[in-house]
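Visitor: This is the structure I have questions about; it appears just below.
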Amino acid sequence: MYQTMVRAISHYTSLLQTCINSKAIEPGKQLHAHLILNGLTSHAPIATKLLNLYTACNSLSNAHLVFDRILPNQLTNLFLWNILIRAFAWNGPYSIAISLYHQLLRGGLEPDNFTFPFVLKACSALSDVQQGRIVHQDVARFGWECDVFVGAGLIDMYSKCGCVYDARQVFDEMPVRDVVVWNSMLAAYAHNGLAEDALSLCNAMVLSPGVLRPTVATLVTVVSAAADIAAVTQGREIHGFSWRHGFEGEDKVGTALVDMYAKCGSLTVARMLFERLKETRVVSWNAMIAGYAMHGLATEALALFEEMKREGEVTPDHITFVGVLSACSHGGLMDEGRKFFDAMVREYSIEPTVQHYTCMVDLLGHSGQLNEVCDLIRKMSMKPDSGVWGSLLNGCKLHGNVELGELALEKLIELEPRDAGNYVILSNIYAQAGKWEGVARVRKLMKEKGLKKSIACSWIKVKNKVHGFLVGDLSHYKSEEIYAELDRLGGLMIEAGYVPDIGPVFHDVEDDEKMGMVFSHSERLAIAFGLISTPPGTKLLITKNLRVCDDCHVVIKFISKITEREITVRDVNRYHHFKDGTCSCGDYW
DNA sequence: GTAGGGTTAG
């Protein structure tokens, strides 16, 4: 009798394995029904296969059902728990993974080095750091802190919850770290806006005596960190490093490099690397298209999109269209933008996301079709976010529409009440329209809420050192020469026909700022420093944390002509390439 | 028999 049952179980497990291999859920379900009739579902080998089948086919309610029928004596089988928790941690609902974990503990079982990474993944997916900390305590309680898999899981959990210092603490306390632990920590920095820390940790990793070989993931992470802060020098170093270490054929690294060079303004290099990629993948096309778009090179972006369609090896996805639409938006190509938006929905059956709507609002807003913007916003299937209202507000600023600007700010206050930048834009709209009482009202509102405009700051890298400048900054060791250079250029500019435009800006500055601050805006200081510190003809790259103001934009155009320099300013919104008195944005930003 | 990290937009 016992022999027969063992044979039957082995027979069914192999049948189920066939179903798992081919993800054949229907035959699997028939087998399951058969097994229920024969009372075999509670046997661990069968239950395991059924669980595997349903998780492989993403049929989690069935998996749960199987689990519930497992005999009480099988509930001590940790392996079964682990694969069930894994199923929910990977596919959701994530909260079920967590409640199963607690159920497991209540049943008196001890989680192991497999359980923790799974349940931590569920915490990450929910960004639930409280739950994550509870699990962390359990990790310590059960003595798994030194396990590299568990450690990487903890670092990743803290990182995804935005607690990068907790992640670092876990990292520091690990006695032995493998390459994935390092990669997790690099990613934690990179994804939490600490690109500089990611880059220096990468240096430490490469130099550390453990001789850890970086992996594709290491390089992809740090290249994208360099891209985030437009650190072209470090990006180039990593590029060289990856070539020397045999990663030149790795397309994923290649794509990250395409993105990095594009973000650093070297579009020719980006394109060259793009052409050298071996596989055709949609991410690579997207990176290149978006690269052109962010520099206002709409023609190139759209030509590449057409080429992508012609080659037909990859299908455009929703991110491709964010690139295409933002190319249209930055290039002021109204009709094309509409055409692509329609094509996206009709030909490619891509549901527009809020980003696509933001591009369209930007596009329509720039060309002054503000009523159409309102129609579009009404038609949206989701709640407009701050990006959408912010684009509308910017459109109102460009076209001096006070009423709609007020509406947009109202919505923005609901969504991000502490963002001073929005108030400043509305205040500028009032100022342009000569409505000084409106300016005063906004200022009062900001004061009541205790909001301060964020301090403008610009950076420039000269000889591998980053120099930062605040508005009106006098702290730089070359301050005197910087202001002298600005004075000298100011004279030349006026000769060339420059008329300062400080009207709106005067009403836009902080109360404690003095009139005339516009002459010492941070980007001008950074540019002047760049000019006096580099040989003639050197291109300058400046990064700014806010938008470039109207007057600075005019001034930089003059400077580019007078000094015969190419100047790139990467503001919070886009890139401006100044050359020979014009800007790539076509004065349109 | 189960496991951790990575690229494009915003």
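The values are calculated or read from the model by the stated rules, or taken from the named source; none is laboratory data. Source: prediction; values computed, not measured. Reconstructed Cβ throughout: ideal geometry from the backbone, glycine too, with neighbour counts over all protein chains shown. Note: areas computed on protein heavy atoms with side chains; ligands, DNA, RNA excluded. Shrake-Rupley method; radii C 1.70, N 1.55, O 1.52, S 1.80 Å.
Visitor: Scan the stretch A:213-241 residue by residue and report those that are at pLDDT below 90 and within 11 Å of DNA strand B (Cβ to nearest atom).
Guide: Result: A:Arg213, A:Asp228.
Visitor: Also, quick follow-up: Anything in the stretch A:403-415 that is surrounded by 15 or more Cβ atoms within 10 Å (Cβ to Cβ) and not hydrophobic (A, V, I, L, M, F, W, C)? List them, or say none. Walk me through how you get there before you give the answer.
Guide: Pass one, the stretch A:403-415, residues surrounded by 15 or more Cβ atoms within 10 Å (Cβ to Cβ): A:404-409, A:411-413, A:415.
Answer for the stretch A:403-415, where residues must be surrounded by 15 or more Cβ atoms within 10 Å (Cβ to Cβ) and not hydrophobic (A, V, I, L, M, F, W, C): A:Gly405, A:Glu406, A:Lys411.
Visitor: Tally the residues that are in a loop (DSSP other than H, G, I, E, B) and free of Cβ contacts under 8 Å to residues at least 24 places away in the same chain, restricting the search to the stretch A:27-63.
Guide: The number of residues fulfilling the criteria is 1.
Visitor: Quick one: is A:Gly400 of a type in the set (Gly, Ala, Ser) and either surrounded by 15 or more Cβ atoms within 10 Å (Cβ to Cβ) or under 14 Å from A:Leu364 (Cβ atoms) (or both)?
Guide: Numbers: of a type in the set (Gly, Ala, Ser): yes; either surrounded by 15 or more Cβ atoms within 10 Å (Cβ to Cβ) or under 14 Å from A:Leu364 (Cβ atoms) (or both): no.
It is false that A:Gly400 is of a type in the set (Gly, Ala, Ser) and either surrounded by 15 or more Cβ atoms within 10 Å (Cβ to Cβ) or under 14 Å from A:Leu364 (Cβ atoms) (or both).
Visitor: Counting only residues that are outside any helix (DSSP H, G or I) and open to solvent by 60 Å² or more (accessible area, probe 1.4 Å), which one in the stretch A:345-365 is farthest from A:Arg378 (Cα to Cα)?
Guide: Kept after step one, since they are outside any helix (DSSP H, G or I), are these residues of the stretch A:345-365: A:347-353.
Imposing the further condition that a residue be open to solvent by 60 Å² or more (accessible area, probe 1.4 Å) reduces the set to A:347, A:349, A:351.
Details: A:Glu347: 23, A:Ser349: 21, A:Glu351: 16 Å.
Among residues in the stretch A:345-365 that are outside any helix (DSSP H, G or I) and open to solvent by 60 Å² or more (accessible area, probe 1.4 Å), the one farthest from A:Arg378 (Cα to Cα) is A:Glu347.
Visitor: For the stretch A:315-337, check the following and say yes or no: at least one residue is open to solvent by less than 60 Å² (accessible area, probe 1.4 Å), within 21 Å of A:Asp571 (Cα to Cα), among the hydroxyl-bearing types (Ser, Thr, Tyr) and modelled with pLDDT under 90.
Guide: Checked against the condition, which is being open to solvent by less than 60 Å² (accessible area, probe 1.4 Å), within 21 Å of A:Asp571 (Cα to Cα), among the hydroxyl-bearing types (Ser, Thr, Tyr) and modelled with pLDDT under 90, the stretch A:315-337 yields at least one hit.
Visitor: A further question follows. Against the condition under 21 Å from A:Trp459 (Cα atoms) and at pLDDT 80 or above, how does A:Ile494 come out, does it pass?
Guide: Answer is no for this residue.
Visitor: Those residues that are open to solvent by 40 Å² or more (accessible area, probe 1.4 Å), near DNA strand B (Cβ under 7 Å from one of its atoms), not aromatic (Phe, Trp, Tyr) and not in a loop (DSSP other than H, G, I, E, B), I need them from the stretch A:71-125; list them, please.
Guide: A:Arg86, A:Lys121, listed by residue number.
Visitor: Which one is most open to solvent (accessible area, probe 1.4 Å) among residues in the stretch A:301-314 that are free of Cβ contacts under 8 Å to residues at least 12 places away in the same chain and of a type outside the set (Lys, Arg)?
Guide: A:Glu306
Visitor: List the number of the failed condition for A:Gly537; all other conditions in (1) more than 21 Å from A:Trp459 (Cα to Cα); (2) over 33 Å from the mean Cα position of the chain (by Cα); (3) at pLDDT 80 or above hold.
Guide: Unmet condition: (1).
Visitor: Give me the pairs, please: first residue somewhere in the stretch A:562-577 and of a type in the set (Phe, Trp, Tyr), second residue anywhere and open to solvent by less than 10 Å² (accessible area, probe 1.4 Å), beta-carbon distance under 6 Å, and either six or more positions apart or on two chains.
Guide: As it stands, the answer is A:Tyr575/A:His295, since those pairs meet every condition given.
Visitor: Please enumerate the residues belonging to the stretch A:278-297 that are free of Cβ contacts under 8 Å to residues at least 40 places away in the same chain and over 15 Å from the mean Cα position of the chain (by Cα).
Guide: Listed by number, the residues that qualify are A:Lys278, A:Glu279, A:Thr280, A:Arg281, A:Val282, A:Ser284, A:Trp285, A:Met288, A:Ile289, A:Tyr292, A:Ala293.
Visitor: Under 7 Å between Cβ atoms, which residue pairs at least 6 apart in sequence (or on different chains) link something in the stretch A:105-132 that is more than 12 Å from A:Phe88 (Cα to Cα) with a partner that is small (Gly, Ala, Ser) and surrounded by 22 or more Cβ atoms within 10 Å (Cβ to Cβ)?
Guide: Qualifying pairs under 7 Å: A:Phe116/A:Gly153; A:Pro117/A:Gly153.
Visitor: Also: In the stretch A:137-192, which residue that is within 9 Å of DNA strand B (Cβ to nearest atom), over 23 Å from the mean Cα position of the chain (by Cα) and among the charged types (D, E, K, R) is most open to solvent (accessible area, probe 1.4 Å)?
Guide: A:Arg177
Visitor: Counting only residues that are among the basic types (Lys, Arg) and part of a helix (DSSP H, G or I), which one in the stretch A:366-384 is least open to solvent (accessible area, probe 1.4 Å)?
Guide: A:Lys379
Visitor: Somewhere in the stretch A:362-369, is a residue within 11 Å of DNA strand B (Cβ to nearest atom), of a type in the set (D, E, K, R) and modelled with pLDDT of 85 or more?
Guide: Within the stretch A:362-369 (the criterion being within 11 Å of DNA strand B (Cβ to nearest atom), of a type in the set (D, E, K, R) and modelled with pLDDT of 85 or more), the answer is yes, since at least one residue qualifies.
Visitor: What are the residues in the stretch A:328-355 that are near DNA strand B (Cβ under 9 Å from one of its atoms) and either assigned by TED's automatic domain parsing to the domain that holds A:Arg570 or not β-branched (Val, Ile, Thr) (or both), if any?
Guide: Correct list: A:Ser329, A:His330, A:Gln355.
Visitor: Just give me the residues in the stretch A:203-220 being open to solvent by less than 20 Å² (accessible area, probe 1.4 Å) and touching a residue at least 24 places away in the same chain (Cβ under 8 Å), in sequence order.
Guide: A:Pro214, A:Thr218, A:Leu219
Visitor: So A:Val324 ticks every box in (1) in a helix (DSSP H, G or I); (2) more than 30 Å from A:Lys411 (Cβ to Cβ); (3) under 23 Å from the mean Cα position of the chain (by Cα) but one. Which box is left unticked?
Guide: With respect to (1) in a helix (DSSP H, G or I); (2) more than 30 Å from A:Lys411 (Cβ to Cβ); (3) under 23 Å from the mean Cα position of the chain (by Cα), A:Val324 is out only on (2).
Visitor: Another question, if that's okay. So which residues in the stretch A:8-26 are part of a loop (DSSP other than H, G, I, E, B) and not polar (S, T, N, Q)? Please lay out each step first, then the result.
Guide: Going residue by residue through the stretch A:8-26, those that are part of a loop (DSSP other than H, G, I, E, B) are A:22-24.
Within the stretch A:8-26, A:Lys23, A:Ala24 meet the criteria.
Visitor: As an exercise: evaluate A:Gln130 against (1) surrounded by fewer than 19 Cβ atoms within 10 Å (Cβ to Cβ); (2) in contact with a Phe, Trp or Tyr (Cβ under 7 Å, 6 or more places away or on another chain) and give the number of the one condition it does not meet.
Guide: Among (1) surrounded by fewer than 19 Cβ atoms within 10 Å (Cβ to Cβ); (2) in contact with a Phe, Trp or Tyr (Cβ under 7 Å, 6 or more places away or on another chain), A:Gln130 violates only (2).
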